[in-house]
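What follows is a single structure, written as structure tokens, with notes after it.
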Amino acid sequence: MSRAKLRGLGIELPLFPVTSVGSFPKPDFLLKARADFANTRIRLGALEKAERQATEFWIRKQEELGVDVLVDGEMYRGDMVAYFAEHLEGFEEGGLVRSYGNRYYHKPIITGEVRWDEPITLEWWKFARRLTSKPLKGILTGPYTIMDWAFIEFYPDRRTACLALAKEIRKEVEALIEEGAKIIQIDEPAISVRPEELPVAIEAMHIVTDGLPAYFITHLCYGAFESIYPGMLDLPVDNFDLEMSNSGLDTLELFKKRRFTKDISFGVVDVHTHVVEEDQVVEQRLRQALELLPKEAIWVDPDCGLKTRTVDEAIAKMQSVVSAAKALRAVTSDK
Ligand SMILES: [Zn+2]
């Protein structure tokens, strides 16, 4: 188990640590500031002030709720791929395209050599870090997903583009670690879509994480896990953050056939519905995880980012996650 690794990094966590996948909804005042900035009614400084206020709002909220490993909430990001493409050299903004989940984004185009010139998320991580004494995840979009969601003009093939991106994303990881980040999440929601490219994603993740002193998590959105499991366990990370509840926990069937060997951030609430699950439902999901996985290996969180929910729904869903973790801690520690 990776509890020893966390302890080695100076992090003690309770049983069933509560975290979230990364994004929270933007409060109304920030949505307004973003619209005003887009229409040149306010300057960048005013927008950034609203982003800082919103970040502080979510840090306080997570602390009040009793979350164990915090996130900055990604108040400064629009799209998770476009944000990194805008901050790396070698990209141009492409036209608006529609992807799954009714998500519209400007699909970036790789028109030159990709290059990390300066930290991308670091200032936000440091800002959030000053607001809390709890562990705070660094969260980056992974090279495979950036490559997959971009048009590639400059590189001869997808693998070459992916590995070039991995070398640059590693620099952001190193910058975070240098400032004290100990838990780093590399989001790779695109990994489950093309099983034949899993080896490329694994090769890229090695480039991003090998030899670095941090506890690594990767978030995979729900997809064709049956076609990449158990091979995906070769991704060199400590913890898989998986969307479990939206599909009725069917991924557990795969774990019955072949043991799941890493830590898991187990999604116990569905992020695609306005409905806030009853506490008993969420607890029951966690109990089902416990039937197959060692308790020391289980973290709990929502299925995916909560950015598409309302602020109130996101808070209520996080509340359910915390309640389930507390309820199970109480009964499990009796044993
Ligand atoms: Zn996801």
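Quick look at the values:
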{"read-out": "For segment 189-239, alpha-carbon Rg relative to the globular expectation (2.2 N^0.38 Å, N residues)", "value": "1.10"}
{"read-out": "Point-charge dipole on Cβ atoms (K/R +1, D/E -1) for the chain, about Cα centre, debye to 20", "value": "640 debye"}
{"read-out": "Å² per residue, accessible surface of segment 193-335 at 1.4 Å", "value": "41 Å²"}
{"read-out": "Relative contact order of segment 1-97, pairs being alpha-carbon contacts under 8 Å that are 6 or more residues apart, as %", "value": "32 percent"}
{"read-out": "Taking all pairs of distinct alpha-carbon atoms in segment 139-213, Kirkwood radius in angstrom", "value": "12.6 Å"}
{"read-out": "Per-selection metrics, segment 9-76 (Cα): Rg and Dmax in Å", "value": "14.8, 48"}
{"read-out": "Fully extended contour minus Cα-Cα distance, from Glu203 to Thr261, at 0.36 nm per residue", "value": "19.0 nm"}
{"read-out": "Those residues of segment 1-36 whose amide nitrogen sits under 13 Å from the label point placed on Lys295, 7 Å along Cα→Cβ", "value": "14-17"}
{"read-out": "Over 27 Å (Cα to Cα) - which of Lys126/Lys262; Lys49/Lys126; Lys171/Lys317; Lys137/Lys295 fall in this group", "value": "Lys126/Lys262; Lys171/Lys317"}
{"read-out": "Whole-Å semi-axes of the chain's equivalent ellipsoid (Cα gyration tensor)", "value": "29, 24, 19"}
{"read-out": "Segment 101-256: mean projected area of Cα convex hull, nm²", "value": "10.4 nm²"}
{"read-out": "Restricting segment 211-303 to trypsin sites (Lys or Arg not before Pro) in coil, as DSSP defines it, with at most 12 other Cβ within 10 Å", "value": "Arg258, Arg259"}
{"read-out": "Which of Tyr76, Gly94, Gln53, positive extreme of dipole for segment 52-95 (C-beta unit charges)", "value": "Gln53"}
{"read-out": "Accessible surface, 1.4 Å probe, highest first, among residues Ser133, Ser192", "value": "Ser133, Ser192"}
{"read-out": "Portion, in percent, of the accessible area of segment 1-63 that falls on carbon or sulfur, probe 1.4 Å", "value": "53 percent"}
{"read-out": "nm² value of the averaged projected area, convex hull over the Cα atoms of segment 12-170", "value": "10.9 nm²"}
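The values are calculated or read from the model by the stated rules, or taken from the named source; none is laboratory data. Computed from a predicted structure; not experimentally measured. Every residue, glycine among them, receives a Cβ derived from its backbone with ideal geometry; neighbour counts consider all protein chains shown. SASA here: full protein model, heavy atoms, side chains in, ligands and nucleic acids out. Shrake-Rupley method; radii C 1.70, N 1.55, O 1.52, S 1.80 Å.
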